[in-house]
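The values are calculated or read from the model by the stated rules, or taken from the named source; none is laboratory data. This structure is a prediction, so every number in the text was calculated from the model and none was measured. Cβ placement follows ideal geometry from the backbone for every residue including glycine, while neighbour counts extend to all protein chains displayed. Surface accessibility is based on the protein's heavy atoms, side chains included, excluding ligands, DNA and RNA. Shrake-Rupley method; radii C 1.70, N 1.55, O 1.52, S 1.80 Å.
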Amino acid sequence: MSGNSIIEVKNISKHFGGLSAVNNCSLKVESGSITGLIGPNGAGKTTLFNIVAGTLKPDNGQIIFDGEDVTGLAPHKLFKKGLLRTFQIAHEFSNMSALENLMVVPDKQLGENLFNNWLRPSLVTRSNLEVLQKANEVIDFLKLGHVKNELAGNLSGGQKKLLELGRTMMVDAKLVLLDEVAAGVNRTLLNDLAANIERMNKELGYTFFVIEHDMDLIARLCDPVIVMASGEVMAEGGMEEIRNNPKIIEAYFGSSPKVA
Ligand SMILES: Nc1ncnc2c1ncn2[C@@H]1O[C@H](COP(=O)(O)OP(=O)(O)O)[C@@H](O)[C@H]1O
Ligand SMILES: [Mg+2]
């Protein structure tokens, strides 16, 4: 059935008024892969991501996650099942330290439950210590130890991106969606970010589904790469293959002058 694909997009369509943003799209992301999604602006990539992540409901089609039909499930339910997307550090968290930003991620940690606090203080303490330990591990993994007590709002753009990535490591993520995570990040930090995504994939077994405009980053990280244009999947393969495919060159440089 689903083989070892973590996500299966089956015949998904989405209209906005008269505009067909995603048109009968089907694709798979294999477990353990870093799969790229590219295409010109307006191709429907973000709309498709929003449908996969549960923030938009499709008109038609199914989303199968880890063998289970999750079509139309709310984002927090998908989060609990291990389907995550990164978010910019929210405004209200900028006055918390980097470490604390990681610690607020685990959903329904025992300490948040009044009943547990009241009845089982030892259990609560242990759980909070586990969260703290996990947060420190993530900080170490991302080599952010020197800024772990800095307010998140004071971190550099690149450090914030790493922290966003780090938040996905606080829970058991089976799939992480990255939508243009490299936007506005300079070359050096981009390398750092890419290296960390690679390490999360190779060392920790994370599966990534990545929308990215930076073709060098896609070429470095992603195999396979899926190409969307006008709401449809038009090709899939290795980046070399994609780069040499005349149909794709046409989609980028022909009908659509804006290079994605
Ligand atoms: N909420 C929305 N309402 C109306 N049109 C939208 C909405 N979101 C996206 N679109 C349109 O759908 C198409 C696909 O957009 P999008 O998924 O953002 O493409 P991409 O991420 O590939 O650039 C575009 O024409 C865009 O203008
Ligand atoms: Mg987009």
Qualifying residue in region 223-235 (condition: more than 27 Å from LYS77 (Cα to Cα), open to solvent by 50 Å² or more (accessible area, probe 1.4 Å) and either assigned by TED's automatic domain parsing to the domain that holds LYS148 or among the basic types (Lys, Arg) (or both)): no
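Of these, LYS174, LYS143, which one is touching a Ser or Thr at 6+ places or on another chain (Cβ under 8 Å) and either open to solvent by 20 Å² or more (accessible area, probe 1.4 Å) or more than 16 Å from ligand 2 (Cβ to nearest atom) (or both)?
On the way: LYS143 fails: touching a Ser or Thr at 6+ places or on another chain (Cβ under 8 Å).
Step by step, each of LYS174, LYS143 is checked, and only LYS174 is touching a Ser or Thr at 6+ places or on another chain (Cβ under 8 Å) and either open to solvent by 20 Å² or more (accessible area, probe 1.4 Å) or more than 16 Å from ligand 2 (Cβ to nearest atom) (or both).
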Failed item in (1) surrounded by fewer than 16 Cβ atoms within 10 Å (Cβ to Cβ); (2) within 21 Å of ALA98 (Cα to Cα), with LYS202 passing the rest: (2)
Selection status of SER94, open to solvent by 40 Å² or more (accessible area, probe 1.4 Å) and in contact (Cβ under 8 Å) with a residue 40 or more places away in the chain: no
Test: residue in region 212-222 that is without any contact (Cβ under 8 Å) to a residue 60 or more places away in the chain, open to solvent by less than 10 Å² (accessible area, probe 1.4 Å) and more than 16 Å from ligand 2 (Cβ to nearest atom): no
Residues located in region 177-199, provided they are away from ligand 2 (no atom under 16 Å from the Cβ), modelled with pLDDT under 90, hydrophobic (A, V, I, L, M, F, W, C) and open to solvent by 30 Å² or more (accessible area, probe 1.4 Å): LEU189
Residue tally, condition within 8 Å of ligand 1 (Cβ to nearest atom) and open to solvent by 10 Å² or more (accessible area, probe 1.4 Å), over region 46-55: 3
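On the basis of being modelled with pLDDT under 95 and open to solvent by 10 Å² or more (accessible area, probe 1.4 Å), does GLY82 make the cut?
Numbers: modelled with pLDDT under 95: yes; open to solvent by 10 Å² or more (accessible area, probe 1.4 Å): no.
No.
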Any chance THR47 is touching a Cys at 6+ places or on another chain (Cβ under 7 Å), touching a residue at least 24 places away in the same chain (Cβ under 8 Å) and within 22 Å of MET215 (Cβ to Cβ): no
Selection from region 20-45 of residues that are more than 14 Å from the chain's Cα centre (by Cα) and open to solvent by less than 30 Å² (accessible area, probe 1.4 Å): ALA21, VAL22, CYS25, LEU27, ILE38, GLY39, PRO40, ALA43, GLY44
